[in-house]
1. For segment A:68-204, give the magnitude of the charge dipole about the Cα centre (Cβ charges: +1 Lys/Arg, -1 Asp/Glu; no others), in debye to the nearest 20.
2. Quick one: grab the alpha carbon gyration tensor of chain A, order the square roots of its eigenvalues as a ≥ b ≥ c, and give me rounded if a/c is under 1.5, else prolate or oblate depending on whether a/b is larger than b/c.
3. Restrict the search to segment B:148-208; then list the GluC sites (Glu not before Pro) that DSSP places in a loop and that have at most 14 other Cβ atoms within 10 Å of their Cβ.
4. Enumerate the calculated ³J(HN,Hα) couplings along segment A:183-194 in order (Karplus 6.51 cos²θ - 1.76 cosθ + 1.60, θ = phi - 60°), each rounded to whole Hz, writing x wherever the residue is Gly or Pro.
5. By the gyration tensor of its Cα atoms, with a ≥ b ≥ c the square roots of the eigenvalues, what is the shape of segment B:84-199: rounded for a/c under 1.5, prolate for a/b over b/c, or oblate?
6. Under 10 Å, Cα contacts only: if you run a Gaussian network model on chain A, which one of A:E84, A:E131, A:E69 comes out with the highest mean-square fluctuation?
7. Would you calculate a helix-derived [θ] at 222 nm for chain A, using -39,500 (n - 2.57) for each DSSP H run of n ≥ 4 and dividing by the full residue count, to the nearest 500?
8. Based on a Kirkwood Rh over C-alpha pairs, give the Stokes-Einstein translational diffusion coefficient of segment A:25-130 at 20 °C and viscosity 1.002 mPa s in µm²/s.
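Please treat every number below as a calculation from the coordinates, not as lab data. A quick note: this is a predicted structure, and the numbers were derived from the prediction, not measured. When we count neighbours, we look across all protein chains shown, and the Cβ atoms used for this are built from the backbone with ideal geometry, even at glycine.
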There are 2 protein chains.
Amino acid sequence: MAEPTDGAEPANRTGSRTERSRGRRAEIVTAAAQTFATRGYGNVGMRDIAEAVGIRGASLYHHFSSKEEILYEICLAVTREPVEENLPLLDAAGTPAERLAGLLQAHIRQLRRRRVEHLVALHERTSLTEEHLAEVDRYRQYYHRRVRDVIAAGMRAGEFRELDPKLVALGMLDMLNGVSGWIRGASDDDVEDVADTYLRMLFDGLRP
Amino acid sequence: MAEPTDGAEPANRTGSRTERSRGRRAEIVTAAAQTFATRGYGNVGMRDIAEAVGIRGASLYHHFSSKEEILYEICLAVTREPVEENLPLLDAAGTPAERLAGLLQAHIRQLRRRRVEHLVALHERTSLTEEHLAEVDRYRQYYHRRVRDVIAAGMRAGEFRELDPKLVALGMLDMLNGVSGWIRGASDDDVEDVADTYLRMLFDGLRP
DNA sequence: GTCTATAGCCAGATAGAC
DNA sequence: GTCTATCTGGCTATAGAC
């Protein structure tokens with residue numbers, strides 16, 4: 001991608017840090033997520049993260065005030081992203097079943113795209129501070145609620161069998177989120193196969 | 001429970017340790033699982049575990065040679081138990097669908113009974129040594145394979161729709177295992193509701 | 001089987017130069 | 001923004017008395 005050729009500065013209107021610094025932050029977050037996912041948050045030192053981006057441990061504290069804050073950024077970003085990118089699909093046109101199907105597909109694709117971050121958010125949440133955990137959970141619970149609501153709407157519309165919408169939402173999302181545990185290395189086609197199979201199972205059931 | 005009144009020693013024929021020592025081991029494992037589950041393996045010290053059973057940190061090394069060995073015992077026990085207790089249901093009488101349904105019910109009940117240990121096994125596996133992780137995974141993979149096989153048998157028998165049996169097994173078990181994340185505090189009836197709803201979803205699907 | 005005492009190590013985080 | 005140097009405190013694990 002070419003840079004703009006006029007003299008205008010690419011002003012950073014969205015935050016207080018420079019673009020350069022935000023690039024470094026993103027680099028650190030990505031490296032940290034990878035290491036946390038494979039070795040576990042508690043077994044990874046600041047020096048390990050620093051080494052992965054080619055700097056010294058102390059330099060990380062220019063970008064983050066603590067190790068936990070790096071974990072927080074990982075968990076928050078990967079929990080907020082589906083809220084902002086997938087939930088609008090529930091407000092699109094179509095029946096509840098159609099809208100839910102669209103969301104589930106988007107969810108699985110996002111799960112693959114942010115696979116390591118998802119693993120970290122799922123497994124290392126217990127290392128967040130109470131406040132940070134609560135903030136992450138706000139997004140997670142809102143997502144759950146919206147999914148539950150569209151399921152309930154599908155039941156009212158007669159598209160879905162009458163079951164406890166909360167249990168249905170929990171089961172559905174647990175089934176989907178589990179994908180991050182084994183999807184590593186899959187192709188785009190594999191991901192679509194998973195989505196197709198899961199939708200078939202959930203909507204039509206195993207019985208022919 | 002009364003002790004035996006005759007002079008016979010309660011010989012320990014099943015292992016090299018005394019009954020008293022094995023009780024202590026179990027006590028340590030339970031306390032450790034509880035702490036690991038809520039605070040994360042890496043954030044729990046040997047002193048924390050010791051305190052929970054009313055002894056000093058150093059005394060734990062009379063029962064376990066390392067902290068990781070405690071984690072290993074938790075993970076191994078909770079992964080082996082469903083293999084030994086649930087898989088025989090797949091060899092019982094009935095059609096594949098009936099046998100699978102029995103297994104899924106037993107799986108959810110076990111998930112609740114060993115809830116904290118399950119959480120530890122799911123979230124803290126990355127802190128096991130390579131050898132211990134491999135040993136735990138042997139059981140896990142065997143369980144998966146047996147579930148996949150009964151699903152494939154159900155498809156051959158025409159009881160199940162033709163889908164990729166591996167994906168179906170993964171989705172099913174991920175959906176079930178997720179239950180340990182939120183079932184805390186549920187009653188026996190609640191657990192049966194979950195099992196009923198999940199079986200309905202998986203076998204018949206959401207569409208009426 | 002549990003204790004006290006401590007070895008030995010490594011972590012997260014800070015200070016201040018460049 | 002990154003460095004070197006280092007503080008401080010925690011941890012796992014061991015030694016040896018009781």
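1. On the way: 18 positive and 26 negative charges, 64 e Å.
It comes to approximately 300 debye.
2. Details: a/c = 2.10, a/b = 1.73, b/c = 1.21.
Taking the square roots of the gyration eigenvalues as a ≥ b ≥ c, chain A is prolate.
3. B:E162
4. Working through the residues one at a time gives 7, 3, x, 6, 7, 4, 5, 4, 5, 5, 4, 4 Hz.
5. Judged from the Cα gyration tensor, segment B:84-199 comes out oblate (a/c at least 1.5, b/c at or above a/b).
6. A:E131
7. On the way: 8 runs with 132 residues, N = 208.
After summing the helix terms and dividing by residue count, I get -21000 deg cm²/dmol.
8. Numbers: Rh = 15.0 Å.
In µm²/s, the coefficient rounds to 143.
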